[in-house]
Structure formats: structure tokens, C-alpha cells
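The next block holds one structure in the form of C-alpha cells; read it before the comments.
The values are calculated or read from the model by the stated rules, or taken from the named source; none is laboratory data. All values reported here derive from a predicted model rather than from experimental measurement. All Cβ positions, even for glycine, are placed from backbone atoms using ideal geometry, and neighbour counts span all protein chains on display. For accessibility, only protein heavy atoms count, side chains too; no ligands or nucleic acids. Shrake-Rupley method; radii C 1.70, N 1.55, O 1.52, S 1.80 Å.
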Amino acid sequence: AARQAIAKQIEQIALPEGYTLTWEGEKKASDQSMKYLFNGFPICIVIMILILVMLFKDYKKPAIIFCCIPLVVIGVIPVVLLTGKQFGFVAIVGVLGLIGMMIKNGIVLMDEISLEVSQGIEPRTALIQSSKSRLLPVMMASLTTILGMIPLVTDALFGSLAVTIMGGLFVGSLITLIFIPILYSLFFKVK
């Protein structure tokens, strides 16, 4: 924040011929970290998709889970804005961790739906029962993570990570329990 407050004024300083200005320190480290972080990101997404396809032996169920992931921003953005935290490198790492947690919640719910459907329960009933039966375990797991992040909220370095995970996980867990059954009914044509 301090660098951003003075960056424009410093960058407008006329330098003698042969001199250049570069930002070092935290700015340079953050830029390099972002570059390295996103270099491997596409490969990780492909590996996650392959693992889910192998797990479910289906491509529709992983697609349903991945459709819910962008919805976590509904919880992340308001919490970051309300707390005034900066959405920088550490917050992005928090979002990446949050994606993993949301995939785990999606797997838990999708597995329960598949189990109930395979037991001969009518698909519509299975969707409703699965969401009800997974509500408490998913929310309790999310709540323990959220409570574990509270001590980090005031930390200068990890505060943005904490609020990102807290807001995204709370809203994301609710979204998972609502949208996965809806998307399942659309993908598998359940009336």
C-alpha cells in the first residue's frame, strides 16, 4: 500500500540518459511469485480433472463440480472489500487453497448422490436427501477451517489469505450444497 501511494510520483521522475527505474524488494518478489504460481496452474487443473474423471468414471460429475468453483467469488469479494484487505499474492494462494476445499466438498456430495442413486432411490429424492445429509458434515468441516483462520485475520501478511478462505469457504460450502444438486438435475435430466 505504501509503494502504491508513491509509485506514480516516483515513476514520473525524469531520469538522466542511461538510467532506468525498477522496483525491487517485495514488489519484485510478488511479481516473480505470481509468475511461478500461474505457470503450473493449467497443468494442475488438468490433473485435477483427470483425477475426478477417474474417481467418478464419468465426465459429467467432474464438470458439475468445476462449474461451482467460480461461484466462490461470491464469498471472497465481499469479505475482502469489507475487511479492506489487499487482494495480492497471499490472497490468491488462499483462493487456490479454497478451490481444493470446494472440490473436496463437491466430491463428498457427489459421492453421496451417486451412492443413493445406485441404491435405487429415485434421483430427485436422492438429490434432496444427499444435500440434507451432507449439510452438517460439510458445514462443520468448513466451520472448523473458518475458526482456525480467525487468529490470522489481523496478521499483516496472512490476513488477506485468512479472510479469503473464511468468506469463500462459508459461502462456497452453501453454494456447493445448493448448486451441485441443481446442476446434477440439469446434466442428468432429473425432473
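A few comments on the model shown:
- Taken over segment 1-25, residues that are touching a residue at least 24 places away in the same chain (Cβ under 8 Å) and either part of a helix (DSSP H, G or I) or surrounded by 10 or more Cβ atoms within 10 Å (Cβ to Cβ) (or both) amount to 1.
- Sole residue being of a type in the set (S, T, N, Q) and either under 27 Å from Pro62 (Cβ atoms) or over 31 Å from the mean Cα position of the chain (by Cα) (or both), chosen from Gln32, Gln12, Gln4: Gln12
- Residue tally, condition polar (S, T, N, Q) and within 19 Å of Lys61 (Cα to Cα), over segment 134-173: 1
- The single condition among (1) closer than 30 Å to Met110 by Cβ; (2) open to solvent by less than 90 Å² (accessible area, probe 1.4 Å); (3) not β-branched (Val, Ile, Thr); (4) not in a loop (DSSP other than H, G, I, E, B) that Lys28 does not satisfy is (1).
- With respect to the conditions (1) surrounded by 12 or more Cβ atoms within 10 Å (Cβ to Cβ); (2) free of Cβ contacts under 8 Å to residues at least 60 places away in the same chain, Cys68 lacks only one, and its number is (2).
- Given (1) loosely packed, with under 10 Cβ neighbours inside 10 Å; (2) modelled with pLDDT of 80 or more; (3) farther than 18 Å from Gly97 by Cβ, index of the condition Ile43 fails: (3)
- Test result for Leu52, of a type in the set (A, V, I, L, M, F, W, C) and either open to solvent by less than 50 Å² (accessible area, probe 1.4 Å) or touching a residue at least 12 places away in the same chain (Cβ under 8 Å) (or both): yes
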